[in-house]
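> Starting off with a structure, shown below.
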């Protein structure tokens, strides 16, 4: 049995995700769809009869009031527990064999005491400097295996690419100038062809650290990166 595991799509179904949806026996999504349309699109893409198991994320609004905060179910002879945020995983998981969650946008695959904990990461809109990922679970007899899928985002200039080009501080200065003119994150992102999460992070650091220089912001970015 081939199970596609997604999380934090935030309104974006990439082509790689759509392709994977067409070739699976079940889909598990651990929240932050962003809109009902995302769920409808997933249902339209998968083959008839393919089940979709999903929970509500912290960014899913009133439209998602009917979505459960957590799910416990059997699939392929294996018992699953699904929740959006890792902190909401109960201490007593009883006989659940696989625990799936999201929220952090960071891929995690960990076996503890014979139980698999899996965060597929985010395959939607990129969060500042984090990989774009999803996962595929294979259930074969008594064997459970996981494949991490990395998606290359060719549509934006990554922070690492800019750093290699040696112009990151210049980009930060341009963002700061546009902030001074009162421009919003979306407009800055569009004009400079940058990831919105990157621009948002620069703006956040500048607001929380008045008077900080472009070099100072870059240093704080590097410190934050080292923590991850």
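> GNM on the chain, C-alpha springs below 10 Å: top fluctuator among 140, 113, 201?
Maximum among the listed residues: 113.
> Out of the DSSP beta bridges found with both residues in the chain, what percent are antiparallel (nearest 5)?
Beta bridges within the chain, antiparallel portion: roughly 65 percent.
> Right, here's the next one. What residue among 73, 101, 33 has the largest mean-square fluctuation in a Gaussian network model of the chain, using Cα springs under 10 Å?
73
> How big is the chain on each of its three principal axes, counting only the C-alpha atoms and giving the largest first in Å?
Result, largest extent first: 57, 37, 34 Å.
> Using alpha-carbon pairs under 8 Å, 6+ residues apart, how would you state the relative contact order of the chain in percent? List each step's numbers first, then the result.
Working: 409 pairs, mean separation 36.3, N = 228.
For the chain, the relative contact order is 16 percent.
> Rounded if a/c is under 1.5, else prolate if a/b is larger than b/c, else oblate: which is region 8-133, with a ≥ b ≥ c the root eigenvalues of its Cα gyration tensor?
Note, shape of region 8-133 comes out rounded.
> Can you tell me how much longer the chain between residue 184 and residue 18 gets when fully stretched, taken as 0.36 nm per residue apart minus their C-alpha distance, in nm with one decimal?
My answer for the length gained is 56.6 nm.
> Can you give the helix-only mean residue ellipticity at 222 nm for the chain, where every DSSP H stretch with n ≥ 4 adds -39500 (n - 2.57) and the sum goes over all residues, rounded to the nearest 500 deg cm²/dmol?
Counting only the DSSP helices, I get -9500 deg cm²/dmol.
> Which percent of Cα pairs goes in each bin when the distances of region 1-80 are cut into 10 angstrom slices starting at zero?
18, 53, 27, 1
Coordinate-derived values only; no laboratory data. The model shown is predicted, which means the values in this text are computed figures rather than measured ones.
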